[in-house]
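Reading through the structure tokens given below for one structure.
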Amino acid sequence: MNDKKISIIICGAKGRVGAKIIEQIAKTPEFNFFGAIDIINGENISKPGEFPDLIAKADIAIDFTSPDVSLGFAEICSKAHKPIVIGTTGFKKEQLDKLKTYAKETAIFLSPNMSPAVNLTFAISKLIAKKLKDFDISILEAHHIMKKDAPSGTALRYRDHIKEVSDKNIDMASVRAGGIIGEHTVLFVGNNERIELTHRAQSRDIFAIGALEAAKWTLTQKPGFYDFSDMLDLKDIK
């Protein structure tokens, strides 16, 4: 993008992560806060119906809303040939299939967790499961009381990566309590030993910073459906 600032629209701007992204944009000279979309009224907040006009003039959108709403934004971005980064969780298979269709016209980056570190542990969990085939596997996750989907999108992503190399039954457990930002542990348990692969988010800043890093990367990509395994070059980990 040379010296030009990257103009970003935040969808779900009044949410926990959306608000953090706006804070981070203000601290980062290479980004320009171009617009905010939300159903909740607020200063400088636009309604979802205004999104087509905004994205036509911006470089990229970052979405933290809900699956149905996110699909609508992605379709608009596809028609406008503008990329979008999606951190929304809870998509069903048919919704993911629609996103992949929209990605034929623009770059769509989807991750249920915007921490690059968490996404690295996805690849590590897959490697462990492949090498330790006799170990039992469990996934434990904990989030704040307001989080609606359970298991979390991140927990499901761990499961999906492990299932690529293991036919083990994977036990999953969820906790919704207090203000927990996000904790995930994958347990690999053998007869006389166990491995605990744990990530704990201590601030939502990590998700905001990761989303902006993803936006910067996605702007350089051709139309397609991407995630952190592409951005971090993790697909060849064996």
### Query
Taking F122, is it touching a Gly at 6+ places or on another chain (Cβ under 6 Å), outside the structural domain of I21 (by TED's automatic domain parsing) and surrounded by 15 or more Cβ atoms within 10 Å (Cβ to Cβ)?
no
### Task
Determine which single condition I45 fails, assuming it passes every other condition in (1) touching a strand residue (DSSP E or B) at 6+ places or on another chain (Cβ under 7 Å); (2) at pLDDT 95 or above.
(2)
### Query
Any chance segment 184-196 includes a residue that's touching a His at 6+ places or on another chain (Cβ under 7 Å) and at positive phi?
no
#### Entry: Odd one out for P29 among (1) in contact (Cβ under 8 Å) with a residue 40 or more places away in the chain; (2) farther than 18 Å from R204 by Cβ; (3) not hydrophobic (A, V, I, L, M, F, W, C)
(1)
### Query
Which numbered condition trips up R194, out of (1) in the same structural domain as A129 (by TED's automatic domain parsing); (2) in contact with an Asp or Glu (Cβ under 7 Å, 6 or more places away or on another chain)?
(2)
### Summary
Those strands (runs of 3 or more DSSP E) completely within segment 134-213 that have 2 or more residues that are crowded, with 17+ Cβ neighbours inside 10 Å are 136-143, 183-189
### Task
Keeping to segment 190-213, report how many residues are under 19 Å from S174 (Cβ atoms) and β-branched (V, I, T).
1
### Task
Mind checking which strands (runs of 3 or more DSSP E) fall wholly inside segment 35-119 and carry at least 1 residues that are farther than 17 Å from I21 by Cβ and in the same structural domain as I21 (by TED's automatic domain parsing)?
107-110
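The values are calculated or read from the model by the stated rules, or taken from the named source; none is laboratory data. This is a predicted model, so every value here is computed, not measured. All Cβ positions, glycine included, derive from the backbone under ideal geometry; neighbour counts span all protein chains shown.
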